[in-house]
Amino acid sequence: MTGRRIVITRPLEHAERLAAMLQKLDIEPVAVPAVSYEPPATYGPLDGAIHHLDQYQWVVFTSRTGVQVFFERIAAESGWLSGHLRWAAVGPGTADALHAHGIEHVWTPSRYLSATLGDELPAQHGEHVLRIRADTASPVPAERLRSRGIEVDEVVAYRTVEAPPESVPLLRRAIVRGVHGVIFTSASTVRGFARLVQHADLNDEVAPLILIAIGPVTADAIRALGWPAPLMADEHSLDGIAALLQRRQSDATGVARG
């Protein structure tokens, strides 16, 4: 894929790291945010949980945005962090966001999937877990934790707005200039991108593009639309996507030389 252009569907404020990875591979990143993040209808439940953090043994995050909003509310509410708390993140990107806030020890599952987090989190029967999530987040992690006898409180830290209108002209411009693929990092980016394609009336133009999914949940969302099976990263992370693209470059170079 050297010299090609690939669409990034992440919100602009979260696209920088992936864009830098693509540029190192001589791939031009094209920003077409398929989702944007907005405040919840009320911060009441989140602020209430922050004021009662001493009730929890674990705080679980499944996105960098959740981490960001949590610590913003900690500051706004003059909250405090109990030393007994343990911290969990669905993957390395979310863990890095916690590290940036001074949290040294962050547990992550063996596979960077929310379902695996629910299965593997080393919480004990009867312990109390606080999950910080988006309004559209999967219920699976909480369901699996509860099936293990673990108490779970879930609070919405932000809303996911799919297909922001300002991205429609960005998509049209990208297609006119030419793109070769699209990277999806969540099921919501898939749904949002599909709606952008419909709004821009570009179904035929998008059909031949290479689709790249960060993991199986995202891949399932792509297949549910009837689109071609996507490429999928072995490690369900941004690093995994970069490794996938680099491997395809190496394979293509080898074929060309042969």
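FYI, it's all coordinate maths here, none of it is from the lab. Just so we're clear, the structure is a prediction, and the values are computed from it rather than from any experiment. Positions of Cβ are backbone-derived with ideal geometry, glycine not excepted, and every protein chain shown enters the neighbour counts.
Starting with the fewest neighbours, write out Val182, Val152 ranked by other beta-carbon atoms found within 10 Å of each beta-carbon. Mind dumping the intermediate values first?
Details: Val182 27, Val152 21.
Fewest to most other Cβ atoms nearby, the residues stand as Val152, Val182.
Express in nm, to one decimal, how much length is gained between Asp220 and Ser78 on full extension, taking 0.36 nm for each residue of separation and deducting their alpha carbon distance.
Using 0.36 nm per residue and subtracting the Cα-Cα distance, I get 47.0 nm.
What length, rounded to one decimal in nm, is gained on full extension from His51 through to Glu120, with 0.36 nm per residue of separation minus their alpha-carbon distance?
This chain segment gains 22.1 nm when fully extended.
In segment 83-238, with Lys and Arg counted as +1 and Asp and Glu as -1 at Cβ, which of these residues, Ala134, Ala221, Ser147, has the Cα nearest the positive end of the dipole, that is, farthest along it?
Farthest along the dipole direction, towards plus: Ala221.
Choose one answer from Pro164, Pro139, Pro230: the residue with the largest mean-square fluctuation in a GNM of the chain with alpha-carbon springs under 10 Å.
Pro139
For the chain, what does the relative contact order come out to in percent, with C-alpha contacts under 8 Å and a separation of six or more?
21 percent
Apply the a/c threshold of 1.5 to the C-alpha gyration tensor of segment 39-161 and tell me whether it is rounded, prolate or oblate.
Rounded, because the longest to shortest axis ratio a/c is under 1.5.
Measure nothing but the geometry: give the 0 to 90° angle between the long axis through the Cα atoms of 167-177 and the longest principal axis through the Cα atoms of the chain, rounded to 10°.
30 degrees
Set the Förster distance to 22 Å, then compute FRET efficiency between Thr42 and His101 from the Cβ-Cβ distance, nearest 0.05.
E between Thr42 and His101, to the nearest 0.05, is 0.40.
Could you size up the charge dipole of segment 103-246 around its Cα centre, putting +1 on the beta carbon of Lys and Arg and -1 on that of Asp and Glu, and report it in debye to the nearest 20? Display every interim value, and only then the final one.
Working: 13 positive and 18 negative charges, 76 e Å.
Computed charge dipole of segment 103-246: roughly 360 debye.
Using the crude model of +1 on Lys and Arg Cβ and -1 on Asp and Glu Cβ, and no other charge, please compute the dipole size for the chain relative to its Cα centre, in debye to 20.
Taking the Cα centre of the chain as origin, the dipole is about 780 debye.
State to the nearest 20 debye the size of the charge dipole of segment 39-161 about its Cα centre, where the only charges are +1 on K and R beta carbons and -1 on D and E beta carbons.
280 debye
Any chance you could check the Cα centroid distance between segment 1-66 and segment 137-195 for me, in angstrom?
Rounded to whole Å, the Cα centres lie 10 Å apart.
Which whole-number percentage describes the relative contact order of segment 39-161, with Cα contacts under 8 Å and a sequence gap of 6 or more?
Result for segment 39-161 is 30 percent.
Which of the three applies to segment 111-255, rounded, prolate or oblate, going by the alpha-carbon gyration tensor with a ≥ b ≥ c and a/c under 1.5 meaning rounded?
In terms of gyration-tensor shape, oblate.
With a cut-off of at most 14 other beta carbons within 10 Å, and DSSP calling the residue loop, which GluC sites (Glu not before Pro) in segment 79-171 qualify? Please list them.
Sites meeting the loop and neighbour criteria: Glu104, Glu166.
I'd like the orientation of helix 187-200 relative to the chain: the angle between its Cα long axis and the longest Cα principal axis, in ° from 0 to 90, rounded to 10.
Long axis of 187-200 versus the principal axis of the chain: about 40 degrees.
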